[in-house]
Structures are given as structure tokens and as C-alpha cells.
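Colleague: What follows is a single structure, and I will ask about it in a moment.
The values are calculated or read from the model by the stated rules, or taken from the named source; none is laboratory data. For clarity, every value in this text was computed on a predicted model and none was experimentally measured. A quick note on method: Cβ atoms are made from the backbone with ideal geometry, for glycine too, and the neighbour counts reach across all protein chains shown. Heads up: the accessible areas ignore ligands, DNA and RNA and are worked out on the full protein's heavy atoms, side chains in. Shrake-Rupley method; radii C 1.70, N 1.55, O 1.52, S 1.80 Å.
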Amino acid sequence: MEAFHKTPRQSLQPGHGAKPDFRPCFENEQAMNGSEPMGVAAGVIIVGAGQAGLSAAMELRKRGFADPITLIGDEAHPPYQRPPLSKSYLSGETPRDRLWLKPDAFYQSADITLQLGRRVVALDRAGSSVVLDDGGRLQFDHLILAAGGSARRPPLPGADQPSIPVLRTMEDADQLAARLQGAESLIILGAGYIGLEVAASARKRGLSVTVLEASERPLARTASTVLSSWFGGLHRGRGVDLRVNTPAVRIIVEKSASGVELADGEIVTADRVMLATGLKPNTELAEAAGLACDDGVLVDAQARTEDERIFAVGDLSRLPLKRYGRRVRLESVQNAIDQARVAAAAICGAPVEYDPVPWFWSDQYEIKLQIAGLTHGATQIVRRGDPEMGRFALFHLAEDGRLLACEAIDSAPEYMAAQRMIAKGVKPDAERLRDPAVAMRDFLS
Ligand code: FAD
């Protein structure tokens with residue numbers, strides 16, 4: 001794998017022996033003459049070599065798709081797992097070579113052309129082609145947009161300085177880890193999952209940590225108020241100075257110190273400041289090509305955009321969830337994998353309706369949170385287990401008694417049963433659900 005990190009522009013093409021092929025991707029007569037290089041391709045072009053892009057490519061091959069598949073990524077690395085970046089990779093427990101989603105030999109054996117360190121800069125729908133950053137053009141029969149998102153930098157003075165780290169890529173994680181070396185204190189802007197996971201990793205490294213959150217609770221966008229409050233207690237109990245209702249107005253970086261100015265004029269200082277202020281979906285290509293977008297590329301239940309040859313999957317897409325009667329953009333490994341498979345199925349002429357029970361996990365300290373479903377629309381929360389003991393599940397029920405979601409802290413059986421209960425539309429009896437003596441499997445029979 002190491003070879004991947006040395007050459008930023010690489011074409012790992014099948015059929016050229018066991019080793020990656022480092023020839024320029026458009027090494028043809030036109031390119032050498034200096035005129036616009038013209039690639040071959042057709043088949044499926046996938047923009048974005050992340051979890052979703054790779055999953056789509058794999059599913060196409062699994063279904064017997066025999067035409068070319070070209071997976072284009074602007075990072076220098078083959079597809080890798082992002083979740084450890086804020087967890088075990090940042091804390092040094094997981095080495096880099098454990099992050100790759102597939103070994104490099106896989107791409108050749110699966111006949112997937114992987115073009116790394118290349119950026120797609122335009123989508124030409126009329127010409128059924130994409131334009132790359134060197135002016136090269138690749139034709140497609142079908143296109144899958146899997147370009148994910150970029151870490152959002154808030155519009156604050158100082159927040160755009162490159163020395164203020166964000167966390168989305170492996171390079172971001174390396175930069176953050178390097179900046180934490182020798183530091184004694186860290187301020188994190190944002191108490192979402194990434195902010196809190198970094199807080200836990202930094203505490204493990206012995207740093208003193210302050211988390212500044214503008215809204216009234218941590219995890220405000222994604223967790224119930226009960227769970228938010230529990231996580232607030234967890235972090236404060238581990239020594240994190242977690243402040244809510246605390247909007248920052250300016251980031252200060254000087255040679256010897258960093259700090260954040262708060263709305264009330266207070267300046268909080270630390271050795272380092274980092275941003276964990278959310279994700280902006282990479283919709284630029286789609287927008288410029290006239291595809292409908294609304295904080296994500298709008299797709300149907302087959303991951304198809306309004307252009308029937310073009311699909312959008314993963315963090316980038318906003319999809320309808322029939323089960324919850326709403327459109328959502330899901331930032332999760334589950335959705336990146338499953339929605340990509342749905343797009344591949346449609347391309348192979350075997351469309352399936354995507355109506356998942358979304359799931360997500362987060363590791364903070366030694367605690368594992370698992371969430372199944374979405375809490376929106378719930379009117380009742382049933383608690384099972386004891387928050388004081390650090391082991392409990394929150395079941396979110398709709399007005400008609402249907403289970404909509406489960407937030408589980410170190411409660412794998414509850415979480416796993418809940419996934420199936422939500423999928424089956426089970427209406428559990430609240431009193432029995434609350435009682436840990438009643439086996440979870442009883443709700444499924
Ligand atoms: P990405 O993984 O972002 O891949 C998109 C790729 O496309 C990127 O490499 C990008 O650089 C590339 N690209 C963008 N534009 C172009 C272009 N024009 N041309 C070529 N390439 C382009 N999810 C969980 O379920 N559980 C977790 O615990 C969890 N933890 C996380 C921790 C961190 C630090 C991060 C960052 C994410 C975490 N996630 C977690 C979310 C999960 O990793 C994402 O939902 C998933 O990676 C999305 O996959 P994707 O393929 O849609 O996007």
C-alpha cells in the first residue's frame with residue numbers, strides 16, 4: 001500500500017500485472033500533442049473513491065456488470081475508512097495500514113480502474129462525459145456521484161486559517177495528531193459526534209479539553225435530548241470543559257497561543273484550536289450541471305437523480321425515507337454502503353426500493369453508542385437499563401405505538417432487536433419494553 005502515498009496522480013488499472021500502473025491516465029496521442037486529452041471509459045464512472053464509491057463498484061461487479069468501471073478520487077489514497085480518524089487512528093491505536101477498505105490487488109482482480117489524485121471538475125450531461133482536472137474527458141453510460149462532503153469552516157474571522165485543523169481526511173487526522181503532539185490543551189469548536197470523539201481521544205492522550213457548542217446541547221442535530229444530556233455528563237465527568245450556548249465569534253492564532261473569542265467578549269485560550277463544525281455536501285458538480293440539490297443532491301428511492309443516467313449516493317445525497325415520511329441526508333457508513341448498492345442494482349436493471357432502517361455508531365472513551373432508526377416524530381421515550389450504570393437503551397415510539405428508533409449505550413442486544421423491530425413495524429408494549437427481565441427477542445416473535 002505504501003506506494004499509493006508517494007505519487008499523487010496514479011492510475012491503478014486492471015490488466016497490467018500485479019503491481020499498480022503509474023502511467024498518466026491520458027497517455028495518448030492527443031495528450032502528447034498538447035490538445036485536449038480524451039479518455040476512453042464509458043460503462044460506469046464513479047466520482048469519489050470513498051466508502052460509497054467503492055461499495056457501488058463492488059456491487060456492480062458482484063451483480064455481473066461486465067462493462068468498464070472507473071472510480072475517480074481526488075485524494076491520493078485508495079478508499080479507506082473514515083470512522084477511526086476521530087477515534088483509534090487519532091489516538092494511535094489503529095495504524096494507517098488498517099484503514100484501507102480493500103487491498104490494492106483487489107482493484108485489479110475486480111477489474112475496477114482506480115484513478116487517484118484526480119479531480120472531476122465538470123459534468124457534461126449533454127456529452128455524457130466528465131471533465132478531469134487536467135482537461136481530460138471520460139465518457140459514461142451511467143454516472144455515480146459519490147463525492148461525499150467537506151468539513152465546514154464557520155464564517156468566523158480566523159476560521160479559514162490552514163493552521164486551524166478540521167477532520168475529514170486521513171491528512172486532516174495526521175495534521176491534527178501532529179499538532180496535538182506536545183500540546184497540553186485543546187479547544188474544539190462543535191459538540192457533534194466528531195467533536196466529542198476527538199475530545200475523548202484527546203483526553204486519553206492527557207490533554208485538557210474545552211468544547212464550545214453554540215446550540216443548547218451537545219449532539220443537538222442527531223440525538224434525543226435525553227441522550228445529549230447523558231453525553232454532556234459523560235464528558236464533563238471525564239474532565240472536559242463542555243460549554244453549551246457558547247457561540248464563538250473569532251479564532252485567534254498567535255505564535256505562542258491560540259484562543260477563541262466568545263460572543264460575550266471572553267477569550268478562552270489553549271495550545272491548539274480545532275473545528276468540528278459539520279459537513280458541507282460536495283454538490284458543486286451536480287449543481288453546475290443543473291441537477292436539483294437542496295443540502296445534498298436530490299435522489300429517488302433508487303438513488304437516481306432527475307437525470308436517469310446519473311445517481312448520487314452516500315453523504316452527498318438527500319433521499320426519501322418512506323418509513324419516516326421525510327427526505328434526509330444521512331452521514332453514515334451504513335447509508336454509504338447500502339444506498340450505493342441500490343444504485344448499482346438499478347444500473348444492472350434490477351431496481352430495488354431503498355427504505356432502510358438507518359444505523360450509526362460512535363465510540364467515545366470505552367463507551368459504544370449505537371443508534372437504529374430516526375427519532376423524528378416520536379412522542380414517547382421508553383428507557384430500559386440504568387444510565388447511572390452506563391448501560392441503557394432509549395426506545396422512541398410513535399403516537400400509534402410503532403418503534404421508530406433506539407439509542408443504545410453499551411446495549412447491543414437492545415440495539416439489534418430494535419433494528420428488526422423497526423423494520424417490521426413492531427408496536428411493543430411500553431411497560432414490558434422498560435423491563436430488562438423481558439427478553440428482547442420476545443418482541444419479535
Ligand atoms: P466520502 O467518504 O467523503 O468519500 C468521498 C470521496 O470523494 C472523498 O475522497 C472526496 O475527496 C472525493 N471527491 C470529492 N469531490 C471529488 C471530485 N470532484 N473528484 C474526485 N473525487 C472527489 N459514520 C458512521 O456510521 N459511524 C462513525 O463512527 C463515523 N465516524 C466518522 C468519523 C469521522 C472523522 C468522519 C470524517 C466520518 C465518520 N463517519 C462515521 C461518517 C462516514 O465516514 C461517512 O458517512 C462515509 O465515509 C461517507 O462515505 P462517502 O463515500 O459518501 O463520502
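Colleague: Let me confirm something: among 401, 377, which residue is open to solvent by 10 Å² or more (accessible area, probe 1.4 Å) and modelled with pLDDT under 95?
Modeller: Details: 401 fails: modelled with pLDDT under 95.
Of the residues listed, the single one that is open to solvent by 10 Å² or more (accessible area, probe 1.4 Å) and modelled with pLDDT under 95 is 377.
Colleague: Name the single residue that is nearest to residue 148 (Cα to Cα) among those in the stretch 164-188 being of a type in the set (A, V, I, L, M, F, W, C) and open to solvent by less than 10 Å² (accessible area, probe 1.4 Å). Talk me through it step by step, then tell me what you get.
Modeller: Just the residues of the stretch 164-188 that are of a type in the set (A, V, I, L, M, F, W, C), to begin with: 164, 166-167, 170, 173, 176-178, 180, 183, 186-188.
Applying the additional criterion that residues be open to solvent by less than 10 Å² (accessible area, probe 1.4 Å) yields 164, 170, 173, 176, 180, 186-188.
Values: 164: 22, 170: 14, 173: 17, 176: 21, 180: 27, 186: 27, 187: 26, 188: 23 Å.
Within the stretch 164-188, the match that is nearest to residue 148 (Cα to Cα) is 170.
Colleague: Please state which one of 265, 237, 232, 206 is crowded, with 17+ Cβ neighbours inside 10 Å and either modelled with pLDDT of 95 or more or small (Gly, Ala, Ser) (or both). Give the steps one after another, and end with the answer.
Modeller: Values: 265 fails: crowded, with 17+ Cβ neighbours inside 10 Å; 237 fails: crowded, with 17+ Cβ neighbours inside 10 Å; 206 fails: crowded, with 17+ Cβ neighbours inside 10 Å.
Just a single option satisfies the conditions, and that option is 232.
Colleague: Can I ask one more? Could you please give the count of residues in the stretch 313-334 that are in contact with an Asp or Glu (Cβ under 8 Å, 6 or more places away or on another chain) and within 7 Å of the ligand (Cβ to nearest atom)?
Modeller: Total satisfying the criteria: 2.
Colleague: Take residue 415 and tell me if it is within 30 Å of residue 66 (Cα to Cα) and buried (at least 20 other Cβ atoms within 10 Å of the Cβ). Let's see the steps before the verdict.
Modeller: Details: within 30 Å of residue 66 (Cα to Cα): no; buried (at least 20 other Cβ atoms within 10 Å of the Cβ): yes.
Here the answer is no, as residue 415 does not meet what is asked.
Colleague: Taking the stretch 52-104 as the search range and keeping residues that are part of a helix (DSSP H, G or I) and among the polar types (S, T, N, Q), which one is nearest to the ligand (Cβ to nearest atom)?
Modeller: Here the residue is 86.
Colleague: Here is a follow-up. Take the stretch 182-234 and flag every residue that is assigned to a helix (DSSP H, G or I) and of a type in the set (D, E, K, R). Give the steps one after another, and end with the answer.
Modeller: Narrowing the stretch 182-234 to residues assigned to a helix (DSSP H, G or I): 193-204, 225-234.
Of everything in the stretch 182-234, those that are assigned to a helix (DSSP H, G or I) and of a type in the set (D, E, K, R) turn out to be 197, 203, 204.
Colleague: Quick check on my filter: what residues within the stretch 380-395 are touching a His at 6+ places or on another chain (Cβ under 9 Å) and open to solvent by less than 20 Å² (accessible area, probe 1.4 Å)?
Modeller: The initial filter retains those residues of the stretch 380-395 that are touching a His at 6+ places or on another chain (Cβ under 9 Å), namely 380-382.
Across the stretch 380-395, the qualifying residue is only 382.
Colleague: Shifting gears a bit: Scanning for something at pLDDT 95 or above, touching a Lys or Arg at 6+ places or on another chain (Cβ under 7 Å) and within 12 Å of the ligand (Cβ to nearest atom), does the stretch 171-194 turn up at least one residue?
Modeller: Among the residues of the stretch 171-194, at least one is at pLDDT 95 or above, touching a Lys or Arg at 6+ places or on another chain (Cβ under 7 Å) and within 12 Å of the ligand (Cβ to nearest atom), which makes the answer yes.
Colleague: Hey, can you tell me all the residues within the stretch 135-163 that are surrounded by 21 or more Cβ atoms within 10 Å (Cβ to Cβ), in a loop (DSSP other than H, G, I, E, B) and more than 12 Å from the ligand (Cβ to nearest atom)?
Modeller: If the condition is that a residue be surrounded by 21 or more Cβ atoms within 10 Å (Cβ to Cβ), in a loop (DSSP other than H, G, I, E, B) and more than 12 Å from the ligand (Cβ to nearest atom), then 136, 140 are the ones that fit.
Colleague: Which condition number does residue 260 fail, the rest of (1) within 30 Å of residue 390 (Cβ to Cβ); (2) assigned to a strand (DSSP E or B) being met?
Modeller: Only one criterion in (1) within 30 Å of residue 390 (Cβ to Cβ); (2) assigned to a strand (DSSP E or B) is unmet by residue 260, namely (1).
Colleague: Quick check, is residue 120 in contact (Cβ under 8 Å) with a residue 60 or more places away in the chain, open to solvent by less than 10 Å² (accessible area, probe 1.4 Å) and in contact with a strand residue (DSSP E or B) (Cβ under 8 Å, 6 or more places away or on another chain)?
Modeller: no
Colleague: Sticking with this one: Do the conditions hold for residue 365, that is, is it of a type in the set (Phe, Trp, Tyr), away from the ligand (no atom under 12 Å from the Cβ) and either under 19 Å from the mean Cα position of the chain (by Cα) or open to solvent by less than 10 Å² (accessible area, probe 1.4 Å) (or both)?
Modeller: Values: of a type in the set (Phe, Trp, Tyr): yes; away from the ligand (no atom under 12 Å from the Cβ): yes; either under 19 Å from the mean Cα position of the chain (by Cα) or open to solvent by less than 10 Å² (accessible area, probe 1.4 Å) (or both): no.
For residue 365, the condition - of a type in the set (Phe, Trp, Tyr), away from the ligand (no atom under 12 Å from the Cβ) and either under 19 Å from the mean Cα position of the chain (by Cα) or open to solvent by less than 10 Å² (accessible area, probe 1.4 Å) (or both) - is not met.
Colleague: Moving to a separate point now. Checking the conditions here, which among 341, 243 is at pLDDT 95 or above, charged (D, E, K, R) and within 16 Å of the ligand (Cβ to nearest atom)?
Modeller: Numbers: 243 fails: within 16 Å of the ligand (Cβ to nearest atom).
Step by step, each of 341, 243 is checked, and only 341 is at pLDDT 95 or above, charged (D, E, K, R) and within 16 Å of the ligand (Cβ to nearest atom).
Colleague: Counting just the residues of the stretch 246-261 that are crowded, with 17+ Cβ neighbours inside 10 Å and of a type in the set (Gly, Ala, Ser), which one comes out modelled with the highest pLDDT?
Modeller: In this case the residue turns out to be 248.
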